[in-house]
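Asks: I'd like to ask some things about the structure below.
The values are calculated or read from the model by the stated rules, or taken from the named source; none is laboratory data. Note that this is a predicted model, so its numbers are computed, not measured. For neighbour counting, all protein chains shown are included, and Cβ atoms are generated from backbone atoms with ideal geometry for every residue, glycine included.
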Amino acid sequence: MVTKHTEELLKWDADHILHAIGTVGYNQGFAPFEEAQGVRVKDTEGKEYIDIASQLVNVNLGHNRRDIAEVAKAQIDKMMYTSTLRGYANVPSIEYSQKLAQVVPKGLDHFLFTMTGSDADDCAFKIANLYYKVKGERRYKILSLFNSYHGTLRGTGGATGMAKGADAECPPCGEHIHLPNYFCYRCPLHKEYPGCGIECAEFLDYVIENEGEDNIACFIVEAEQGPGGFISPPPEYLPRVREICSKHGILFIADEVMTGFGRTGKMFAVEHWNVVPDIMTLSKAITSGYLPLGVVAVSDEVFNTLKGQYLAPGSSESGNPICCAVASKVLDIYKEEHIVEHAAEIGKYARARLEKEFLPLPHIGSLSGLGLMLGLDIVVDKKTKAIPAPEVTNLIQRRGLEHGLYLRVMGNRLCFGPPLVISREDVDEALDRLYPVLAELQLN
Ligand SMILES: Cc1ncc(COP(=O)(O)O)c(C=O)c1O
């Protein structure tokens, strides 16, 4: 039973708020959150939860940092808004891009500001189209992976390879081709790593040869599949697909919207394999999720090719000064507080506990992921790897809340992705709360 106040809020919410990526006229029925601090959030009933999802894997620095709020306030006091469209400049966007240039992979230091991850990916596609147009080619096909997520816009919705059919009545633009993803535990090609010869990567070569390299604009890939369930590739995958794209002269786009800014224990996930993309998209943790901001980072080669061209994509909020000032402060904190190193270390600790205590549970089939982006595969039966009924997703989320955990379950994947600032003690408390949720599952 909840209070009348909570009940009324939930009723209004269900009747008046169309929840994005959700069912119209419906909410989860959980009391709304109204306070947050560090790794904890509190609902209108006064109940506290450890946030082991960093909300949407974006609140990397934890909730409600005062020092970031102060920077936002200072920028608000000084200049809330000026536009950067059509060649006008503002100081916060220049200063932020100077800082960002120091941490991105070599050469990727030309930036287009957007507002979200979806529009960063969308703009990246348009940049790829324009790049080839300048070279006198018309390349329009976009390659991506099944089970990938790149957004739900008309352009990016087509590249997203998960939950196919969910928005079938909103046909996406462009021609999108999906390839088998790199999920070894459930290999779509029915191979076994490492004897497989990374056929999932070789498949890219095959598709390009058969589709014709002269009409393919780009290959977009997450360096660890995020909304698809925290699935990391085998070590050879990223270097090999980079090589294949270079061989065919196809732009390689790393979607680091979720993995960027330390999530996997490196500043950017591509650094695990020393891969340098032609284009990289960023968002989410760029402001620790506090304000909307996205970036498309492009290589010298792409920038120099586009120089002098008219660039159509963009929005009124490109380079918003408050968002850029906050992103600058957030980047300072990542560096000064050694957040990435901490994420790598604490991620190892969490992984060791998950492996030792959770993997032997009857309904946990596998563990994957890097840094603090760790995914558990929930199965009915370990031998058959059968996936439980869809209701189990909500059941686990509900049980998590009962045990004081805000958690993220994507289909049958439990995604452990707390704020990167989490302490060892809080990891222990979170995992101690999670254990009974998974140990008491009865799925047979
Ligand atoms: C890898 C990836 N790309 C793109 C997006 C879309 O970002 P946004 O929700 O900011 O539009 C997401 C969001 O979860 C993501 O994880």
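Asks: Looking at 195, 212, which is the one that is at positive phi and not assigned by TED's automatic domain parsing to the domain that holds residue 381?
Replies: On the way: 195 fails: at positive phi.
212 is the lone residue from the list that is at positive phi and not assigned by TED's automatic domain parsing to the domain that holds residue 381.
This table checks each residue for (1) among the β-branched types (Val, Ile, Thr); (2) modelled with pLDDT of 95 or more; (3) surrounded by fewer than 22 Cβ atoms within 10 Å (Cβ to Cβ).
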| site | (1), (2), (3) |
| --- | --- |
| 259 | yes, yes, no |
| 276 | yes, yes, yes |
| 298 | yes, yes, no |
| 322 | yes, yes, no |
| 344 | no, yes, yes |
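Asks: Can you say whether residue 271 is away from the ligand (no atom under 13 Å from the Cβ), surrounded by fewer than 24 Cβ atoms within 10 Å (Cβ to Cβ) and within 17 Å of the chain's Cα centre (by Cα), as far as the supplied structure shows?
Replies: Working: away from the ligand (no atom under 13 Å from the Cβ): yes; surrounded by fewer than 24 Cβ atoms within 10 Å (Cβ to Cβ): yes; within 17 Å of the chain's Cα centre (by Cα): yes.
Here the answer is yes, as residue 271 does meet what is asked.
Asks: I'm trying to understand the selection: among the residues of region 355-383, which are part of a loop (DSSP other than H, G, I, E, B) and either crowded, with 18+ Cβ neighbours inside 10 Å or over 25 Å from the mean Cα position of the chain (by Cα) (or both)? Can you show your working first?
Replies: Keep residues of region 355-383 that are part of a loop (DSSP other than H, G, I, E, B), which gives 359-363, 371-372, 379-383.
If the condition is that a residue be part of a loop (DSSP other than H, G, I, E, B) and either crowded, with 18+ Cβ neighbours inside 10 Å or over 25 Å from the mean Cα position of the chain (by Cα) (or both), then 360, 361, 362, 363, 371, 372, 379, 380, 381, 382, 383 are the ones that fit.
Asks: Being without any contact (Cβ under 8 Å) to a residue 24 or more places away in the chain, of a type in the set (Val, Ile, Thr) and farther than 18 Å from residue 59 by Cα narrows it down to one of 3, 23, so name that one. Full working, then the answer.
Replies: Values: 3 fails: without any contact (Cβ under 8 Å) to a residue 24 or more places away in the chain.
Criteria check complete, one pass: 23.
Asks: I'd like to know if region 120-138 contains one or more residues that are part of a strand (DSSP E or B) and within 12 Å of the ligand (Cβ to nearest atom).
Replies: Of region 120-138, the ones part of a strand (DSSP E or B) are none.
Looking for residues that are part of a strand (DSSP E or B) and within 12 Å of the ligand (Cβ to nearest atom), one finds none in region 120-138, hence no.
Asks: A follow-up question, please. Out of (1) more than 17 Å from residue 180 (Cβ to Cβ); (2) in a helix (DSSP H, G or I), the odd one out for residue 241 is which?
Replies: Among (1) more than 17 Å from residue 180 (Cβ to Cβ); (2) in a helix (DSSP H, G or I), the lone unmet condition for residue 241 is (1).
Conditions (1) surrounded by 15 or more Cβ atoms within 10 Å (Cβ to Cβ); (2) aliphatic (A, V, I, L, M); (3) in the same structural domain as residue 406 (by TED's automatic domain parsing), marked per residue:
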| residue | (1), (2), (3) |
| --- | --- |
| 21 | no, yes, no |
| 49 | yes, no, yes |
| 85 | no, yes, no |
| 113 | yes, no, no |
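Asks: Filtering region 139-175 down to residues that are within 16 Å of the ligand (Cβ to nearest atom), at pLDDT 90 or above and more than 16 Å from the chain's Cα centre (by Cα), which residue is surrounded by the fewest Cβ atoms within 10 Å (Cβ to Cβ)? Please lay out each step first, then the result.
Replies: Residues of region 139-175 within 16 Å of the ligand (Cβ to nearest atom): 142-163, 166-167, 170, 172.
Checking the rest, the ones that are also at pLDDT 90 or above come to 142-151.
With the extra rule that they be more than 16 Å from the chain's Cα centre (by Cα), the set shrinks to 142-143.
Working: 142: 29, 143: 24.
Among them, the one singled out is 143.
Asks: A further question on this structure: Looking only at region 64-113, count how many residues are assigned to a loop (DSSP other than H, G, I, E, B) and not aromatic (Phe, Trp, Tyr).
Replies: Step one: list which residues in region 64-113 are assigned to a loop (DSSP other than H, G, I, E, B), which gives 64-65, 79-84, 88-90, 102-109.
Still in the running and not aromatic (Phe, Trp, Tyr): 64-65, 79-80, 82-84, 89-90, 102-109.
Number of matching residues: 17.
Asks: From the set of residues in region 384-422 that are among the polar types (S, T, N, Q) and either in contact (Cβ under 8 Å) with a residue 12 or more places away in the chain or assigned to a helix (DSSP H, G or I) (or both), which is surrounded by the fewest Cβ atoms within 10 Å (Cβ to Cβ)? Spell out how you get there, then give the answer.
Replies: Within region 384-422, the first condition is being among the polar types (S, T, N, Q), and the residues that meet it are 384, 393-394, 397, 412.
Checking which are either in contact (Cβ under 8 Å) with a residue 12 or more places away in the chain or assigned to a helix (DSSP H, G or I) (or both) leaves us with 393-394, 397, 412.
Details: 393: 18, 394: 12, 397: 20, 412: 23.
Among those residues, the one meeting the criterion is 394.
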